[in-house]
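Notes follow once the structure below has been shown.
The values are calculated or read from the model by the stated rules, or taken from the named source; none is laboratory data. None of the values given here were measured: they were computed from a predicted structure. When we count neighbours, we look across all protein chains shown, and the Cβ atoms used for this are built from the backbone with ideal geometry, even at glycine.
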Amino acid sequence: MFLLVGRTRKLRPFSTAAAQPYLLVSLSASPNQRDCVVAAKLFAPLVSLCRPGDSEWTHIETPNNFFTSAVMHSMRDQKFYLHSPDTAPTDLIKTCSDFPPVSPYRRFPFSDIPKTTQDLYQSSIFRTQYLVESPSGDSFIVIWCMAGGKMEKETSRLMCDTKGFMVFKQDHGKKLCSYTQDIGDLCIFLGKNESFCVSATKYPGLNPNSVYFEGSETGFGFYELSSNTVHDLTHLAPFSTFYLWLAPLE
């Protein structure tokens, strides 16, 4: 595994016992910082942690229902969260004192869902949930709704249509996860890497109050939450099985 930060920083390979494919990688800080911790969620009930320069990885066991969950670092809470769309235990996972805590993410019940949005969810064949944190520390659950696939003539690959996105904001006071179509000037980025969120004001050219998406089966695009409109950014994306959005280093 490698980190690319102007120069390549090589991480230790996994041991044979933990040599599972990894689903997602999350960083606790910029790779240039000495306290940066890398968390790799394996395709197994394991999370592996290390710092650049460590001689080995530290492997943390997780509950079985987090077998294929995503991992996200929370700057607000200074811990790594595992997110699963299913109901799961929220107890802290036993980890090592040398690293940030690893914990299942507690999602509150969804609320304030309009009828049209419920119809969008029910009519979608594929639905994927994401957890993302804003620069100010707000937490969002995003559901990506897709329709069935169709064959693309130019490349003979199966493509899916993005029907829309459902965004829910965690309200810790009310203990609800409330539906919203207004995230202000924020832009949420979803893809094969860790989801992230930036301010459109800080990065001119971005469309505020939007969800940017990418995937080998969808191409690149963004979804305007206020108008429920999908915009394609590439008519025909070059074929790849692993598209990525690159988060800015701050």
Does the stretch 45-58 include one or more residues that are surrounded by fewer than 19 Cβ atoms within 10 Å (Cβ to Cβ), farther than 28 Å from VAL198 by Cα and touching a Pro at 6+ places or on another chain (Cβ under 8 Å)? yes
MET146 - would you say it is buried (at least 19 other Cβ atoms within 10 Å of the Cβ), modelled with pLDDT under 90 and within 18 Å of PHE213 (Cα to Cα)? yes
Given (1) in contact with a strand residue (DSSP E or B) (Cβ under 8 Å, 6 or more places away or on another chain); (2) more than 26 Å from THR128 (Cβ to Cβ), ASP54 misses just (1)
Which of the strands (runs of 3 or more DSSP E) found entirely inside the stretch 30-83 contain at least 2 residues meeting this: farther than 18 Å from SER139 by Cβ and either free of Cβ contacts under 8 Å to residues at least 12 places away in the same chain or out of contact with any Ser or Thr (no Cβ under 9 Å at 6 or more places or on another chain) (or both)? none
Filter the stretch 102-123 down to residues that are surrounded by 14 or more Cβ atoms within 10 Å (Cβ to Cβ) and either more than 20 Å from the chain's Cα centre (by Cα) or under 14 Å from ASN228 (Cα atoms) (or both), then give me how many there are. 4
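Listed here are the residues, each with its yes/no results for (1) under 21 Å from CYS36 (Cα atoms); (2) modelled with pLDDT of 90 or more; (3) in a strand (DSSP E or B).
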position: ASP86; (1), (2), (3): no, no, no
position: ASP91; (1), (2), (3): no, no, no
position: THR95; (1), (2), (3): yes, no, no
position: SER103; (1), (2), (3): yes, no, yes
position: THR116; (1), (2), (3): no, no, no
position: GLN122; (1), (2), (3): no, no, no
position: VAL132; (1), (2), (3): yes, yes, yes
Regarding the stretch 146-163, can at least one residue be identified that is closer than 17 Å to CYS197 by Cβ, in the same structural domain as LEU225 (by TED's automatic domain parsing) and not in a strand (DSSP E or B)? no
PHE213 - would you say it is part of a strand (DSSP E or B), within 20 Å of VAL71 (Cβ to Cβ), modelled with pLDDT under 95 and touching a strand residue (DSSP E or B) at 6+ places or on another chain (Cβ under 6 Å)? yes
Count of the stretch 33-72 residues which are modelled with pLDDT under 85 and among the charged types (D, E, K, R): 1
For ILE143, state whether it is touching a residue at least 12 places away in the same chain (Cβ under 8 Å) and not in a strand (DSSP E or B). no
Using the structure shown, decide if ALA17 is part of a loop (DSSP other than H, G, I, E, B) and either modelled with pLDDT under 90 or exposed (fewer than 15 other Cβ atoms within 10 Å of the Cβ) (or both). no
